[in-house]
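Asks: Below is the structure I would like to discuss, written out as structure tokens.
The values are calculated or read from the model by the stated rules, or taken from the named source; none is laboratory data. A quick note: this is a predicted structure, and the numbers were derived from the prediction, not measured. Counting neighbours? That spans all protein chains shown, and the Cβs are built from the backbone with ideal geometry, glycine included.
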Amino acid sequence: MANDTLDKLVIFLAKRDGIDKLVKTFQYVSKLLHWHAEAAHPGLAHRAKQWEIASGLSRKAFRSGRFLTGLNAVRRNPGPNLTFQILSVLANAGEMGLEEEKKLFGSKEKSGEAEKRIGKIRGERIMRLMAVAANLADLVIGVADIEPNPFCNHPVTLGISGLVSAWAGWYRNWPL
């Protein structure tokens, strides 16, 4: 029982990103709960709103040092221009490995090594797609902060976007 779910949770929560993803999940679940309970259960809605606010403040504290990591990455590999930097986020999200996967999948010899490689390629593709989903969800959240509008600022839109972003982070950071 050295590698059960509880052990993995402890490892996950030992990292700043793990704690951030847990608190982000609390924040956006409470946002959705507040929206749902607002009319029928004002007391519960108030407590959910307070939990959402407290979670948001906690996340700001957890993330206060994270920008240095991102700044250092951009400083070390900035890309030739802003357009390239933006496009690099979406580059190869689902394409990487397709040709190799087709070649391995179509080969007559189905070795264990080929199956492992196909699994690895598919796992990498899922990770890239999860990153794109998280980036799009974070974009919606960012637009809601910068340029408020009825769609992005709706509690359901923000709640779902926050949960997609948080769960992509859980998936990315969960120990194997």
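Asks: Among the residues of segment 17-50, write down those that are closer than 14 Å to residue 170 by Cβ and charged (D, E, K, R).
Replies: Within segment 17-50, 17, 20, 21, 24 meet the criteria.
Asks: If you go through segment 144-166 one residue at a time, do you hit one that is over 30 Å from residue 4 (Cβ atoms), among the small types (Gly, Ala, Ser), modelled with pLDDT of 80 or more and in contact with a Lys or Arg (Cβ under 8 Å, 6 or more places away or on another chain)?
Replies: Within segment 144-166, one or more residues are over 30 Å from residue 4 (Cβ atoms), among the small types (Gly, Ala, Ser), modelled with pLDDT of 80 or more and in contact with a Lys or Arg (Cβ under 8 Å, 6 or more places away or on another chain).
Asks: Where the second residue is surrounded by fewer than 17 Cβ atoms within 10 Å (Cβ to Cβ) and hydrophobic (A, V, I, L, M, F, W, C) and the first is without any contact (Cβ under 8 Å) to a residue 40 or more places away in the chain and lies in segment 29-45, which pairs have Cβ atoms under 7 Å and are six or more apart or on separate chains?
Replies: That search, which allows pairs on different chains as well, returns 37/44.
Asks: Another question about this same structure. Condition first: within 17 Å of the chain's Cα centre (by Cα) and among the polar types (S, T, N, Q). Now tell me which residues in segment 20-54 satisfy that.
Replies: The answer is 25, 27.
Asks: Sort out which residues of segment 1-32 are under 15 Å from residue 55 (Cβ atoms) and acidic (Asp, Glu), and write them in order of number.
Replies: Residue satisfying the conditions is 20 alone.
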